[in-house]
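The values are calculated or read from the model by the stated rules, or taken from the named source; none is laboratory data. Note that the coordinates shown come from a computational prediction; the quantities given were computed from them, not determined experimentally. Here the Cβ positions follow ideal geometry from the backbone for every residue, glycine too, while neighbour counts run over all protein chains shown. Note: areas computed on protein heavy atoms with side chains; ligands, DNA, RNA excluded. Shrake-Rupley method; radii C 1.70, N 1.55, O 1.52, S 1.80 Å.
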Amino acid sequence: ALAGLPEIVAARAEVQARELEAGGRPSGDLCSVPLVSEILLPDGGAPERARAGRAGRAPGGAFDGAASIDVGALTALVAAAERPVALTGAGLSRASGLRTRKELWETFDRDAAVSVWRFREEPRALWSVIRDFLGDGAHGPNAAHVALARLPLAGVVTQNVDGLHQAAGTRAPIVELHGSLRATRCDACGARGPSCEALLDGPLPPPCVCGDALRPDVVLFGEWVAPDRLAQARALVDGCDLLLVVGTAADVSPAADLVRLAATRGATVVEVKRQSSRLHRALGTLHLPGAAEDVLPAV
C-alpha cells in the first residue's frame, strides 16, 4: 500500500507502522490521521500484518538513534549545517502569553470549536476562541522568537497564526502553514478584512458588508492547507540538512508529515522542547530538553 501513496503521506504511514511494531497504537483524534489502521489494517488486525508487508527491512532500520543532546551539541550542528530550517508550533509562543491548543481545549470543545463545520453553524463559537486566545493585551515576540531570527536559517515553517516570527525580525522566508490572525476574510463574497485583534471590540462575529460573517484568515479543521504554502514548506524541508522542531507536539498534519519527510530524507532532526514528541523514538530524532525561550538564546 505504501508504494501507491503520495510521498508525504507514505512517510506518515511508514512511521505509524513502526509505532505499531513497537507496541503502540496510532492516535484516532482529528489531528493525526491514522493511516496505518485505514490502509494497512482495515479490519483492525494485529501489527504483524503491517510488518509482513515490509519484510526484509532490518529491524529498527536507521531510526533507532534517538538521544538527548545539550546546547553545545546543537550549536555545533547549527554551525555545520548548510541549510538549517525551523518548524515551529504553539509552544514557541507560550512565553509570549499565548495559550497552546491543549490549554485552549481546557475551556473549549477541543478541535470541534475551530472546525469549519462549527463555524458555518455557529460563527460566534470560533470568535470566542479567538478572543480567549488573544486576551486583552498585546503579545510580542519572546526570547525564542528573537533567537530564531538571529540564527542562520534557510527558512521557517510555522503552524502559528500569531505573526510573532515577523515581529521578531526574521529575515528568512516564513511559511505560515495555517494562515494568520492578522487578516480576516468572508467566505461568502471573498472580501478581505482587518486583523482579528482590530475586530474584537465590536460585535462578534464581525459582519461583512455582504451580511455574512467575517472569519480569520486561517485554516480550520476540515479545510486543506493551501497547496502553494504546502509546496513552499516541502521545498524548504526537501533542501534542509538540519530541521529544528520547536514548540510543537508534531501531531498535526501536514506539519508533522514534514518532520517525517525530513528524517526519511536523511536530515538531522532536533526537537527543542521540554518533552520529546511521540516521533522521537519512531524517527530517531535528537532531543534538546528545555524551554525554547531558554535554550535558543543560549545557542
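For segment 160-288, a crude dipole built from +1 on the beta carbon of Lys and Arg and -1 on the beta carbon of Asp and Glu, taken about the Cα centre, is about 420 debye to the nearest 20. Counted over the chain, the DSSP beta bridges are approximately 25% antiparallel.
When the accessible area of the chain is split by element with a 1.4 Å probe, what percent falls to carbon and sulfur?
Details: 7130 of 13530 Å².
Here carbon and sulfur together make up 53 percent of the probe-accessible area.
Rolling a 1.4 Å sphere over the protein heavy atoms, what is the accessible area per residue of segment 157-208, to the nearest Å²? Numbers along the way, then the final one.
Numbers: 2290 Å² over 52 residues.
Per-residue value: 44 Å².
Temperature 25 °C, viscosity 0.890 mPa s: under these conditions the Stokes-Einstein estimate for segment 152-191, based on its Kirkwood radius over C-alpha pairs, is 215 µm² per second. Over the C-alpha atoms of segment 128-270, the Rg to Rh ratio, Rh being the Kirkwood estimate, stands at 1.00.
From largest accessible area down, sort Thr107, Thr285; use a 1.4 Å probe on the protein chains.
In descending accessible area the options line up as Thr107, Thr285.
Packing around the peptides 186-192, 257-263, taken as the average count of other Cβ atoms within 10 Å per residue, puts them in this order, highest first: 257-263, 186-192. Segment 72-115 and segment 174-210 have Cα centres lying 23 Å from one another.
Please list the helices of the chain that count as membrane-span-like by this rule: a mean Kyte-Doolittle hydropathy of at least -1.0 together with Cα atoms stretching 18 Å or more along the helix axis, each helix being a complete DSSP H run.
Details: long enough: 7-21 (21 Å, -0.17).
What comes out of the filter, once short or polar helices are dropped, is 7-21.
Between exposed GluC sites (Glu not before Pro) in the chain, where DSSP calls loop and at most 11 other Cβ atoms lie within 10 Å, what's the longest gap?
Excluding the exposed sites themselves, the longest stretch runs over 107-299.
Sorted largest first by accessible area at a 1.4 angstrom probe radius, with every protein chain in place, the residues Trp105, Trp127, Trp224 fall in the order Trp224, Trp105, Trp127. The length gained by stretching the chain between Ser195 and Asp212 to full extension, at 0.36 nm per residue less their Cα-Cα distance, is 4.4 nm.
Could you tell me which residue out of Ala138, Val9, Thr285 lies farthest along the dipole of the chain toward its positive end? Charges go on the beta carbon: Lys and Arg +1, Asp and Glu -1, centred on the Cα centre. Looking along the dipole axis, the top candidate is Thr285. Here Ser277 sits with roughly 20 square angstrom of accessible surface, probe radius 1.4 Å.
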